[in-house]
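Note sheet for the following structure.
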Amino acid sequence: MTDETKIVSKVLVLDSNAECYDSIKAFCDSHNLIGLKVQHDNIMSVLKSNVDLGAILLAEEYGDNAHGGIQLARDIHEVRPDLPIFLRREKSDHLDDFSEKDRKLFSAAYTIDCIANLHQAIDEFIFSLVYPSALVRGITDLTKTALESQFRGMGVEIAAPYIVRDRIIFGEIFTLIPIEGSWCRGYMMLQAEEESLLRLVKADKTYIDADSADDFRNLNNVLGEITNLIWGAFKNKYINYSENNANLAQVPLVINHLHRYISFGSENPQLCFKYTLLDGDHNDEKSMVIYQRFVFNLSWSPEDFKENQFSTVDELFDSGELELF
C-alpha cells in the first residue's frame, strides 16, 4: 500500500436511463466510488446478501415508471435502512414536493446536469470521517503480518480499503474487540466463513491439528488468536496509555442474528479491509477471505493520531528508566 492509495466506497447504481450512465460513471470515478449494477429482479436478493455498500444512486423514474424509484426506495428502506439513498430526478434537485414520510427515505436529490452538486452529500454521508494514510497503511501491514504467522504457506492479497455504511455481518465466525486510546474509541471486527476456514485447517494450513477441525471451537480459536495479534500490534504502535482518557461513555451494541445485522449505536461509517489468503499453488479450494472493519463510534480525533515512538537505549539511560546492573 502506497501514499497514492485512496479509500473507496461501493455504491449500487439503480438507473434505467442509459443516457445518464456516462455522467454517473464519470462522477463515481472522480469521487472514489465504485459503481455496481444489478438486474431489477435481483435487487432485493443482492441487498440481503453480504455485499458491502456505502450508498445507493437511484433514479426517480426507475424501470420507466414515473414513480418507480419512490416505491423501490420504500422497499429498500425496509431491508437496508442504514444505507443512504441519493435520488436522481429529471427536473428538480430537491425533495420539497415529497411527503414528509418519503423525504426521509433519501439523503439527497440531484439532476444529471447538476450531478457535481452531489459532492457535498457524498462527503457527508459516505466519507464523513478522515482516516490518516499512515494509519490505513499501518493496519494492513500489521494485519498481514498476523495472518502470515497463523497460516502456513499462504500468501495474503489485500484489496483497496473502503468505506461502508451498511451493518451486514459476513460469514459465520465473527470477532469483536475494543480499540481505546486518546485519539480513538471503538471496535475492530474480523469476519470469516466457517467452511473456508475449515478447509484450511483440514489442509494443515493452520496450527490447529487437522484431525480437530470438526470442533467449531477450534475454528473460533484461529480467528480469535488472529484478532489478539492484530489488537496487540495496534495497541503497541498507536495507543499511548500514559495519556488520560476522560471520555469513557459507552453505547449498547445490537446484534440481530436472523438478519446478520450489527449496530454500534451511531451513524458513523466503517473503515473496511478485505484480505484474501491464497495457497501457493493458487488452488481456489484452499483460499479464504477475511473482512476487517474498524468503527470509531465512541470517539474519533484523527488530528491527535500519532505513532508511538520507541525510546533508544541511550534515551532510557538518560531518563533513568534503564540502569547498568
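We did not get these values from a lab; they are worked out from the coordinates using the rules stated. On a predicted model such as this, the values are computed, not experimentally measured, just so you know. Cβ atoms come from the backbone with ideal geometry, glycine included; neighbour counts cover every protein chain shown.
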Does the chain classify as rounded, prolate or oblate by the C-alpha gyration tensor (a ≥ b ≥ c root eigenvalues; a/c under 1.5 gives rounded; else a/b over b/c gives prolate, otherwise oblate)?
prolate
Using +1 on the beta carbon of Lys and Arg, -1 on that of Asp and Glu, and nothing else charged, what's the dipole of the chain about the Cα centre, debye to 20?
520 debye
Counting DSSP beta bridges in the chain, what percent are antiparallel, to the nearest 5?
70 percent
Classify the stretch 9-125 from the C-alpha gyration tensor, please: rounded if a/c falls under 1.5, else prolate or oblate depending on whether a/b exceeds b/c.
rounded
Loop only by DSSP, 10 or fewer other Cβ within 10 Å of the Cβ. Give me the chymotrypsin sites (Phe, Trp or Tyr not before Pro) in the stretch 122-220 that pass, ordered by residue number.
none
How about K10: which lysines have a C-alpha closer than 19 Å to its C-alpha, ignoring those fewer than 8 places off in the same chain?
K25, K37, K48, K274
If the cut-off is a Cα-Cα distance under 15 Å, which aspartates and glutamates reach K6, setting aside same-chain residues fewer than 8 apart in sequence?
D29, D123
Name the residue from Q270, H257, T175 whose Cα lies farthest towards the positive end of the charge dipole of the stretch 133-304, charges +1 on Cβ of Lys and Arg and -1 on Cβ of Asp and Glu.
Q270
Segment L253-N50, length gained on full extension (0.36 nm per residue, minus Cα span):
71.1 nm
